[in-house]
């Protein structure tokens, strides 16, 4: 899991597009988080049909998907990227998610990497490639993620 927490330098290597976000009917500006204050988990729906449990990591440049989840979504790689992790540099496939939805807060065209270091029961990591579509804050006292 430590490998996933230190994804650095990816965003600068990728061409950024303008953030595209939308709020579905009933979207929550405060999304409940599960965790102990050191780590936070959140439920998300990818591409409108596959839901899972994700680590929320405001230090991860990109979202990360477990290979099993990427296969369930039928995602094709958009190429490879090198990631700087706590255990050194690794190469991982890059994919683009049509949508990522957290509490009704939906971002489109979210870049992610597929990496086997995602530990069960997690399906992946929600990182900055989703969060930067919004203004966001984590309220550790109330155990909520605020998205605007």
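Every number in this text was worked out from the coordinates using simple rules, so none of it is lab data. Because the structure is predicted, anything quoted here is derived from the model rather than measured. Glycine gets a Cβ as well: all are built from the backbone with ideal geometry, and neighbour counts include every protein chain shown.
By the count of other C-beta atoms within 10 Å, a proxy for reagent exposure, 115, 143 are ordered fewest to most as 143, 115. Counting beta carbons within 10 Å around each of 51, 129 and listing the fewest first gives the order 51, 129. Averaging over all projection directions, the Cα-based convex hull of the range 81-135 occupies 4.6 nm² in the image plane.
Just to verify a number: FRET efficiency for residue 38 and residue 96, C-beta to C-beta distance, R0 = 30 Å, to 0.05?
Efficiency for this residue pair is about 0.45.
The distance between label points at residue 117 and residue 30 comes to 3.4 nm (points 7 Å beyond Cα on the Cα→Cβ vector). Each peptide in 40-49, 77-86 was scored by the mean count of other Cβ atoms within 10 Å over its residues; highest first, the order is 40-49, 77-86.
The overall shape of the range 46-107 is oblate: from the C-alpha gyration tensor, with semi-axes ordered a ≥ b ≥ c, the ratio a/c is 1.5 or greater and a/b is no larger than b/c.
Just to confirm my numbers, what's the Cα centroid distance between the range 51-85 and the range 86-139 in Å? One Cα centre to the other: 6 Å.
Stretching residue 108 away from residue 77 to a fully extended chain increases their span by 9.5 nm, per 0.36 nm per residue minus the current alpha-carbon distance. You can think of it this way: the chain between residue 87 and residue 45 has 12.2 nm of extra reach, that is 0.36 nm per residue less the Cα-Cα gap.
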